[in-house]
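This report refers to the structure that appears directly beneath it.
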Amino acid sequence: MAEVVVIGAGLSGTLMAYELLPQLNKGDRLTVISQGPLYHFVPSNPWVAIGWRKRNEIEIDLVDVMKRKGVRLLTQGAKRVRPAENRIELGDGASIDYDYLVVATGPELAFDEIPGLGPQSHTQSICHVDHATRAKEAFEKLAANPGPVVIGAVQGASCFGPAYEFLFILETELRRRKLRDRVPMTFVTSEPYIGHLGLDGVGDTKGLLESEMRNRHIKWITNSRVTKVEAGKMAIEEVADNGSVARTHELPFAYSMMLPAFRGVAAVRGIDGLTNPRGFIVVDKTQRNPKFQNVFAIGVGIAIPPVAATPVPTGVPKTGFMIESMVTATAINIGDLLRGQPATAEATWNAVCLADFGDSGVAFVAEPEIPPRNVNWASKGVWVHYAKVAFEKFFLRKIRLGGSEPFYERFVLEQLGIRKIKKAS
């Protein structure tokens, strides 16, 4: 009997469990370790933060789902991975052994790296539904007493899309409440240009997003390094191409949401041969750690080098479909290893993204996500908003039913030529 363990029950970990089940032999056991029993659909957090969704609308209790699927769910969390011992210490002091491990934890949010950053200090966050709920309370205070707004992503951030989404969704809601004329808005980002997204752009995301910001009277500052945040005031250094400080800014705000940099979670951070200095897990093309060959990793917690050097550090995002391709490749590879075959499946790392702007949006396809690409396309339209709403409903239903890729999803993707898997060369 093989013991297969997945750490994490977010987007990647939950789908990982669903895709692993058909790969297991009779008598193998699958365990998922999570921080609590609830799954949250993170892409809906911007809607929660302005009141377009309630948190219970994007939550799913995984206890019954996992029980129905025959998966053991442990909700005390992982305290420390001991890969040399094939063992995981749990949050309650217990431990479990494994034959194969998939780390799907997502990141730790590095708010502490900038004084005053984060929901425990002076800025809001939409990285977790708890943060989004708190951001909604702060937004209502802004609506009652309008003032300047600063939205963006700090140095080292690797997830820029949600910052743009929240910027435009917030702007849309302010217009609906007839408050927009009383709220100056500034977008602050470590990207070298608007629409870079940590990917050197996709299609004409630069032109599309700059045009949208001009149309909505939103100012922006790129190549930005946030040095500190105080109550109602943010200190920013604007960096020149040679790395020197070109100018400084002190932006007042009545409301601010800034995405932080990420790092690997404490359960794996600092393990020699497993993680890089930032705590992200090192993997090869099959999602497998080179040193600990029975450890795989997927999602935001893996190490990916930047696309190119930028004046201010920017990371590479791990988007939803890209993560799903990692999930599928990992499931196939563990199944092959359980059957005595070599692991050869590679994720395509193709990216399909819908960025909602409240009353329109931008969609892009990058194949693969890291340039140079075979497909490099972006488009704007009202249809993107409705497509994002439809995707939310579809994905939550998929999680509730305990399925990874329904036949109709697979059919549509195949018709579009968007694939998850390629064979290792």
Per the C-alpha gyration tensor (a ≥ b ≥ c, the square roots of its eigenvalues), region 174-231 is rounded if a/c is under 1.5, else prolate if a/b beats b/c, else oblate; here it's oblate
Classified through the alpha carbon gyration tensor (a ≥ b ≥ c as square roots of its eigenvalues; rounded if a/c is under 1.5, else prolate when a/b is larger than b/c, else oblate), region 284-409 comes out oblate
Quick calc: nm separation of the 7 Å Cα→Cβ label points for Arg68 and Arg214 -> 5.1
Relative contact order as a percentage, the chain, C-alpha pairs under 8 Å and 6+ apart, gives 18
Contact order relative to length for region 1-67, counting C-alpha pairs under 8 Å separated by 6 or more residues, stands in percent at 33
Charge tally for neighbours of Val4 with beta carbon under 9 Å away, counting Lys, Arg as +1 and Asp, Glu as -1, is -2
Two pseudo-spin positions, 7 Å from Cα along C-beta at Thr133 and at Gln293, lie apart in nanometres by 4.6
Sequence order, region 284-295: Karplus ³J(HN,Hα) from phi using 6.51 cos²θ - 1.76 cosθ + 1.60, θ = phi - 60°, Hz rounded, Gly and Pro as x, gives 8, 5, 9, 6, 10, 6, x, 8, 9, 6, 9, 10
From the cross-link list Lys291/Lys420; Lys54/Lys393; Lys318/Lys420, the entries with a Cα-Cα span beyond 23 Å are Lys291/Lys420
Per residue, accessible area of region 134-259 with a 1.4 Å probe, heavy atoms of protein chains only, in Å², comes to 39
The percentage of the accessible area of the chain (probe 1.4 Å, all protein chains present) made up of carbon and sulfur atoms, to the nearest whole number, is 52
At R0 = 41 Å the Cβ-Cβ FRET efficiency linking Lys233 and Glu89, nearest 0.05, sits at 0.45
Relative contact order as a percentage, region 152-251, C-alpha pairs under 8 Å and 6+ apart, gives 23
Applied in sequence order to region 228-237, the curve 6.51 cos²θ - 1.76 cosθ + 1.60 (Karplus, θ = phi - 60°) yields integer Hz couplings, x standing for Gly and Pro, of 6, 10, 10, 4, x, 7, 10, 9, 9, 9
Quick calc, the chain, dipole around Cα centre from Cβ unit charges on Lys, Arg (+) and Asp, Glu (-), nearest 20 debye, gives 620
For Trp377, Trp349, the accessible-area ranking with a 1.4 Å probe, largest leading, is Trp377, Trp349
Counting only DSSP beta bridges with both partners in the chain, the antiparallel fraction in percent, to the nearest 5, comes to 60
Computed from every Cα-Cα pair in the chain, P(r) in 10 Å bins starting at 0 and rounded to whole percents is 5, 22, 32, 26, 12, 3, 0
For Asn25 and Gln76, extending 7 Å from Cα along the Cα-Cβ vector and measuring point to point gives, in nm, a value of 3.0
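The values are calculated or read from the model by the stated rules, or taken from the named source; none is laboratory data. Just so it is clear, the structure is predicted and the values come from calculations on it, not from any experiment. Glycine gets a Cβ as well: all are built from the backbone with ideal geometry, and neighbour counts include every protein chain shown. Side chains included, ligands, DNA and RNA excluded: accessible areas come from the protein's heavy atoms. Shrake-Rupley method; radii C 1.70, N 1.55, O 1.52, S 1.80 Å.
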